[in-house]
Amino acid sequence: MPADTSMVTPPKGTAVAFPGQGGDWRAALSVLRQHRDHPLVVDVVGRLGIASTDDFDGLDGLDTRNAQPVIYVSGLVGPAPPPGGPVVAAIGHSLGEITAAAWSGAIAPGTGLGLVEARAALGHAGDTLRPGAMAAVMRWGADEIEWLRRRVLAASAGTLEVAVVNSAEQHVLSGDAALVDEAVALANEEGAVARRLPIGGAYHSPLMVPHLDAFRTRVAAAVTATPSVPLVSSTSARVVTSTDDLVDTIVRSLVLPVRWEATIATAVGLGVHHALDAGPGDTLVRLARFAPGLAFDPA
């Protein structure tokens, strides 16, 4: 008779987690300088058109085409060994899903860098044709955010979507730049804390839909294996189960919102009791203060 597994507790362990473009730019540059001879660092230096890591300070960290490749590489070359038991999951916040996929062996690191470069270029190209923006709104719940969003859209036609739900009172809006700026001004007037993020492009919004076909071609060529540990998607908030599933997940993440609280709950259900913020910086550690379902430590 087969064993009854209905009461089996998942093995306890650690998750390795990677931030998105909200990762710390200065911390990322510091990591790359510390690992200047690493093949990925040499690769990204060449792709950015500079001579060496000494030239990083001349780059515009607000330019998506610089920020995303740098943050991706710093996440892969910098993490310390995770504490607290075996790694039982990998998690990526937004762009960090590609970093997590590369860390877990589903995408070759160099190939992942090319994929991130393409993602950044698509966002930049879309932003050039139709300026988009993203903004964080804090201290308001989902009802207040939706009330804000609908009033802005009633006054001005365009796109304004909830792009990220980091916690009950921390959201990110994405869409047409003018509408995002209107939302930031109105939210601050009415008692929230809102600020535009240093990201070029309206990621996680319908403004990225025109780029899906081009991006899918790149993603399909990049994903060559299933992850070596369960990979929890921050957009679907579920475990990726196959290479086809991973391709769809990464492609759809251009448009779908990040559901960070739900993602953390899924990781906890896998037996994760601790997470390593693989960086750069401590972005995910700081997010955990607002959504304390899982303990995070910096790398």
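The values are calculated or read from the model by the stated rules, or taken from the named source; none is laboratory data. Since the model is a prediction, treat every value here as computed from it, not as a measurement. Heads up, the Cβs are rebuilt from the backbone with ideal geometry, glycines too, and the neighbour counts pull from every protein chain shown.
Go through (1) in contact with an Asp or Glu (Cβ under 8 Å, 6 or more places away or on another chain); (2) modelled with pLDDT of 95 or more one by one and return the number of the condition Arg259 breaks.
If we test Arg259 against (1) in contact with an Asp or Glu (Cβ under 8 Å, 6 or more places away or on another chain); (2) modelled with pLDDT of 95 or more, just (1) comes out false.
Determine which member of the set Ala220, Ala275 is modelled with pLDDT under 95, of a type in the set (A, V, I, L, M, F, W, C) and under 20 Å from Ala101 (Cβ atoms).
Details: Ala220 fails: modelled with pLDDT under 95.
Exactly one of Ala220, Ala275 is modelled with pLDDT under 95, of a type in the set (A, V, I, L, M, F, W, C) and under 20 Å from Ala101 (Cβ atoms), namely Ala275.
Looking at segment 169-198, which of its residues are part of a helix (DSSP H, G or I) and either touching a residue at least 12 places away in the same chain (Cβ under 8 Å) or in contact with a Phe, Trp or Tyr (Cβ under 8 Å, 6 or more places away or on another chain) (or both)?
Quick first cut of segment 169-198, residues part of a helix (DSSP H, G or I) only: 177-189.
Ala177, Ala178, Leu179, Val180, Asp181, Glu182, Ala183, Val184, Leu186, Ala187, listed by residue number.
Can you name the condition, by its number, that Arg238 falls short on among (1) surrounded by 18 or more Cβ atoms within 10 Å (Cβ to Cβ); (2) in contact with a helix residue (DSSP H, G or I) (Cβ under 9 Å, 6 or more places away or on another chain)?
(1)
Please determine, by comparing only the residues of segment 257-299 that are at positive phi and out of contact with any Lys or Arg (no Cβ under 6 Å at 6 or more places or on another chain), which one is surrounded by the most Cβ atoms within 10 Å (Cβ to Cβ). Please lay out each step first, then the result.
To start, the set of residues in segment 257-299 that are at positive phi comprises 271, 279, 281.
With out of contact with any Lys or Arg (no Cβ under 6 Å at 6 or more places or on another chain) added as a condition, the list becomes 279, 281.
On the way: Gly279: 26, Gly281: 22.
The extreme case among them is Gly279.
How about segment 90-111: which of its residues are out of contact with any Ser or Thr (no Cβ under 7 Å at 6 or more places or on another chain), closer than 19 Å to Leu276 by Cβ and in a helix (DSSP H, G or I)?
Correct list: Gly96, Ile98, Thr99, Ala100, Ala101, Ala102, Trp103, Pro109.
Give segment 41-75 a look and list any residue that's assigned to a loop (DSSP other than H, G, I, E, B), under 19 Å from Asp127 (Cβ atoms) and either of a type in the set (S, T, N, Q) or free of Cβ contacts under 8 Å to residues at least 40 places away in the same chain (or both), or say none.
Filtering segment 41-75 down to residues assigned to a loop (DSSP other than H, G, I, E, B) leaves 48-52, 59-63.
Within this subset, residues satisfying the condition of being under 19 Å from Asp127 (Cβ atoms) are 48, 59-63.
The answer is Leu48, Leu59, Asp60.
Give Trp140, Trp147 a once-over and let me know the one that is farther than 26 Å from Trp25 by Cα and in a helix (DSSP H, G or I).
Values: Trp140 fails: in a helix (DSSP H, G or I).
Every option except Trp147 fails the conditions.
Can you pull out the residues in segment 246-256 that are under 20 Å from Ser167 (Cβ atoms) and surrounded by 20 or more Cβ atoms within 10 Å (Cβ to Cβ)?
So the first thing to find is which residues in segment 246-256 are under 20 Å from Ser167 (Cβ atoms), and the list is 253, 256.
The one that is under 20 Å from Ser167 (Cβ atoms) and surrounded by 20 or more Cβ atoms within 10 Å (Cβ to Cβ): Ser253.
Among Ser253, Ser228, which is the only one that is small (Gly, Ala, Ser), closer than 26 Å to Leu270 by Cα and within 18 Å of the chain's Cα centre (by Cα)? Walk me through how you get there before you give the answer.
Values: Ser228 fails: within 18 Å of the chain's Cα centre (by Cα).
Result: Ser253 is the single residue among Ser253, Ser228 that is small (Gly, Ala, Ser), closer than 26 Å to Leu270 by Cα and within 18 Å of the chain's Cα centre (by Cα).
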